[in-house]
Amino acid sequence: MKKYNRLFCIVAIFIIIFCFAFPGAIWAQKNAKRLQDQKNSPLAPIIMIPGSSATVNRFDRLVDRINRDDHQNHSLLKVKVFNDGHMTFAGSIRPNDNQPFIVVGFENNHDGYSNIKKQGRMFNQAFKALVRRYNFNHFSGIGHSNGGLIYTEFLENYYSGRNVRINRLMTIGSPYNFAETANRETQMLHDFRANRNRLPKNLIMYSVAGTENYVEDGLVPVSSVEAGKYIYQGVVKHYTQITVTGRLAQHSALPQNSEVLDLIQRYILRPER
């Protein structure tokens with residue numbers, strides 16, 4: 001009888017410990033998240049990736065236009081990642097500039113899925129170097145054309161979000177199914193869909209398409225841009241598809257399109273407004 005009483009006491013103790021410890025663990029986790037939210041670094045850069053064949057100078061006019069419009073004088077830092085792994089930094093981030101633009105470009109800036117994979121790995125190297133150098137813990141991203149594909153590759157296969165959170169991502173004219181029509185899935189789109197559950201759950205995502213005519217922006221089919229919904233929608237916190245038309249809606253001109261610039265200011269630079 002004593003043996004059974006002792007066993008009963010041990011079980012009862014474990015049940016009591018579990019009842020107190022489990023809610024405590026949940027509280028600790030929620031409290032840690034709350035504290036993390038409260039301790040966001042003042043610096044929250046907008047990190048931009050250009051498309052294939054483009055250099056780190058791809059967004060110069062975009063930054064000039066935004067600085068002229070919002071009078072914030074955002075800094076512009078350019079990082080080029082070479083095939084051997086070394087990087088060059090051009091420009092600087094002004095003191096007290098909490099929303100600088102950082103452009104990451106690559107020596108290997110060629111098209112094709114195999115290169116998207118390489119560029120995703122190279123961007124991860126640059127991203128780690130930027131975090132070490134500037135010590136920020138949250139940021140937003142913009143990718144034009146293949147830059148959006150590189151961001152997707154990075155988020156699915158390299159980004160963990162444990163120490164640095166991505167707040168918002170805007171991809172502009174990104175061909176998630178390359179030049180294929182809607183009825184044929186490329187290997188890249190297949191892989192992106194297969195790994196979509198690795199995407200950050202709290203991400204707010206905007207996919208912008210240009211339409212020079214009813215079906216494309218002069219280079220990328222609208223259906224290819226819209227295929228981004230099969231990757232992001234239902235996984236991230238919010239996914240929004242936006243289409244711009246009219247003047248400068250052609251693929252290479254989209255970063256200078258006045259509607260796109262307005263979208264960047266509204267949803268990336270000052271979303272709290």
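The values are calculated or read from the model by the stated rules, or taken from the named source; none is laboratory data. Worth saying up front: this structure is predicted, and the values here are computed from it rather than measured. Note: ideal-geometry Cβ built from the backbone for every residue, glycine included; neighbour counts use all protein chains shown. Ligands, DNA and RNA are excluded from the accessible area calculation, which covers all protein heavy atoms including side chains. Shrake-Rupley method; radii C 1.70, N 1.55, O 1.52, S 1.80 Å.
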Looking only at region 183-205, decide whether some residue is open to solvent by 60 Å² or more (accessible area, probe 1.4 Å), within 30 Å of LYS128 (Cα to Cα), of a type in the set (S, T, N, Q) and modelled with pLDDT under 95.
no
Determine, yes or no, whether ASP70 is open to solvent by 50 Å² or more (accessible area, probe 1.4 Å) and acidic (Asp, Glu).
no
Has region 137-155 got any residue that is in contact (Cβ under 8 Å) with a residue 24 or more places away in the chain, assigned to a loop (DSSP other than H, G, I, E, B) and crowded, with 24+ Cβ neighbours inside 10 Å?
yes
Sole miss for ALA126 among (1) in a helix (DSSP H, G or I); (2) open to solvent by 60 Å² or more (accessible area, probe 1.4 Å) is condition (2)
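Before we move on, is ILE242 at pLDDT 90 or above, closer than 23 Å to VAL63 by Cα and not small (Gly, Ala, Ser)? Before the answer, list the steps.
On the way: at pLDDT 90 or above: yes; closer than 23 Å to VAL63 by Cα: yes; not small (Gly, Ala, Ser): yes.
In short, yes.
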Which numbered condition GLU180 misses (of (1) exposed (fewer than 15 other Cβ atoms within 10 Å of the Cβ); (2) within 22 Å of GLY51 (Cα to Cα); (3) at pLDDT below 95):
(1)
Show the residue pairs meeting these rules: Cβ distance below 6 Å; 6+ apart or different chains; first residue within region 89-110 and assigned to a strand (DSSP E or B); second residue of a type in the set (D, E, K, R) and open to solvent by 20 Å² or more (accessible area, probe 1.4 Å).
ALA90/LYS78; GLY91/LYS78; VAL103/LYS78; GLY105/LYS80
Among the numbered conditions (1) at pLDDT 95 or above; (2) exposed (fewer than 10 other Cβ atoms within 10 Å of the Cβ); (3) among the polar types (S, T, N, Q), tell me where THR88 comes up short.
(2)
When (1) open to solvent by 80 Å² or more (accessible area, probe 1.4 Å); (2) closer than 21 Å to ASN202 by Cβ are applied to ASP111, the one that fails is (2)
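Please state which one of PHE106, PHE82, PHE89 is under 17 Å from ASN135 (Cα atoms) and among the aromatic types (Phe, Trp, Tyr).
Details: PHE106 fails: under 17 Å from ASN135 (Cα atoms); PHE82 fails: under 17 Å from ASN135 (Cα atoms).
Sole residue among the options that is under 17 Å from ASN135 (Cα atoms) and among the aromatic types (Phe, Trp, Tyr): PHE89.
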Hey, can you tell me all the residues within region 110-155 that are farther than 24 Å from GLY91 by Cβ and touching a Pro at 6+ places or on another chain (Cβ under 9 Å)?
LEU149, LEU155
